[in-house]
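A short write-up of the structure that comes next.
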């Protein structure tokens with residue numbers, strides 16, 4: 001992978017809607033990064049995103065070509081490839097938001113472009129950088145059962161895709177990173193409630209390792225819940241993504257007696273996961289290394305999400 005000639009990276013953001021504006025905010029303040037400009041088809045959004053940063057507001061993302069070392073692509077999913085391709089072809093590092101692309105073929109095309117030019121390609125799976133998960137990541141080796149609840153209220157965005165691609169894909173990425181064996185069975189039920197797309201979905205994944213993951217994702221719930229629990233031999237882990245809280249319990253052998261269960265809450269130094277993701281991305285660009293979540297990781301999560309969508313048994317209201 002190629003490295004920039006300066007330790008200060010010129011960066012840009014394409015798409016400053018709900019999430020892109022936060023990318024711009026963080027990049028404008030990160031040491032070692034210079035926000036050159038942001039591009040959005042809605043000029044008012046671009047202007048608002050660069051207010052007080054000294055960066056340029058643009059309406060054509062091509063205006064960033066030749067001016068940046070790295071770019072964040074946070075436009076609608078169906079144009080991820082069209083926006084990312086010109087940068088990747090020029091060897092410019094790209095962080096593309098999740099889901100990586102609308103199809104597996106387009107995600108593969110991005111990876112091929114990055115491979116040819118040597119550009120760093122990262123997928124925006126922010127939950128991997130949650131401090132609560134990071135604090136226990138190295139100990140998640142052999143889970144036998146994983147249970148996930150990711151529930152939220154009805155959004156005003158991303159209603160053109162199933163909840164699998166908008167919400168559940170966060171957890172698919174994490175589960176696939178923990179258990180690298182093949183998914184041998186997918187059982188899924190989905191319900192379209194407020195949109196023609198699937199608004200709530202429950203999936204049971206069975207891995208070749210024997211691990212089973214049960215995942216519930218909803219965008220029509222009253223309460224916001226972001227929790228995952230890992231059960232592995234001699235260890236239980238509970239992560240609250242939203243609160244950045246962690247509990248770890250262990251089975252401790254005792255001579256001549258039954259094992260004891262010891263553990264409890266673990267102190268977590270809270271931080272903004274998106275900031276940590278961007279710091280990792282820029283560090284990967286400077287060092288010419290792979291980012292924490294690679295394009296291949298993004299493709300794997302997308303492939304599984306697509307497989308789940310194809311396997312869903314729809315349950316409709318009478």
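Structural remarks
- Of the criteria (1) surrounded by fewer than 11 Cβ atoms within 10 Å (Cβ to Cβ); (2) in contact with a strand residue (DSSP E or B) (Cβ under 6 Å, 6 or more places away or on another chain); (3) over 22 Å from residue 178 (Cβ atoms), which one residue 259 fails: (1)
- For segment 145-166, filtering for residues that are more than 20 Å from residue 231 (Cβ to Cβ) and either at pLDDT below 90 or surrounded by fewer than 22 Cβ atoms within 10 Å (Cβ to Cβ) (or both) leaves 13.
- Unmet criterion (only one of (1) surrounded by fewer than 16 Cβ atoms within 10 Å (Cβ to Cβ); (2) assigned to a helix (DSSP H, G or I)) for residue 108: (1)
- Filtered residue count, segment 176-204, keeping only those that are in contact (Cβ under 8 Å) with a residue 60 or more places away in the chain, touching a strand residue (DSSP E or B) at 6+ places or on another chain (Cβ under 9 Å) and either part of a strand (DSSP E or B) or under 21 Å from residue 139 (Cβ atoms) (or both): 10
- The one condition from (1) under 30 Å from residue 106 (Cβ atoms); (2) in contact (Cβ under 8 Å) with a residue 24 or more places away in the chain; (3) not in a helix (DSSP H, G or I) that residue 246 does not meet is (1).
- Test: residue 31 is within 24 Å of residue 303 (Cβ to Cβ) and part of a loop (DSSP other than H, G, I, E, B): no
- The lone exception for residue 231 - which of (1) part of a strand (DSSP E or B); (2) out of contact with any helix residue (DSSP H, G or I) (no Cβ under 7 Å at 6 or more places or on another chain); (3) touching a residue at least 60 places away in the same chain (Cβ under 8 Å); (4) buried (at least 17 other Cβ atoms within 10 Å of the Cβ) it fails: (4)
- Single condition residue 99 does not satisfy, out of (1) in a loop (DSSP other than H, G, I, E, B); (2) in contact with a helix residue (DSSP H, G or I) (Cβ under 9 Å, 6 or more places away or on another chain); (3) under 16 Å from residue 11 (Cα atoms): (3)
- Meets criteria (closer than 30 Å to residue 81 by Cα, assigned to a loop (DSSP other than H, G, I, E, B) and in contact (Cβ under 8 Å) with a residue 12 or more places away in the chain) for residue 308: no
- Close pairs (9 angstrom Cβ cut-off, 6 or more residues apart or separate chains): outside the structural domain of residue 243 (by TED's automatic domain parsing) in segment 144-161, modelled with pLDDT of 65 or more and loosely packed, with under 15 Cβ neighbours inside 10 Å anywhere: none
- Residues of segment 55-84 satisfying the condition of being modelled with pLDDT under 95 and either more than 24 Å from residue 126 (Cα to Cα) or outside any helix (DSSP H, G or I) (or both): 76
- For segment 125-137, the criterion of being touching a helix residue (DSSP H, G or I) at 6+ places or on another chain (Cβ under 9 Å), part of a strand (DSSP E or B) and surrounded by fewer than 23 Cβ atoms within 10 Å (Cβ to Cβ) is met by no residue.
The values are calculated or read from the model by the stated rules, or taken from the named source; none is laboratory data. Since we're looking at a predicted model, the values are computed, not measured. Backbone-built Cβ (ideal geometry, glycine too); neighbour counts: all protein chains shown.
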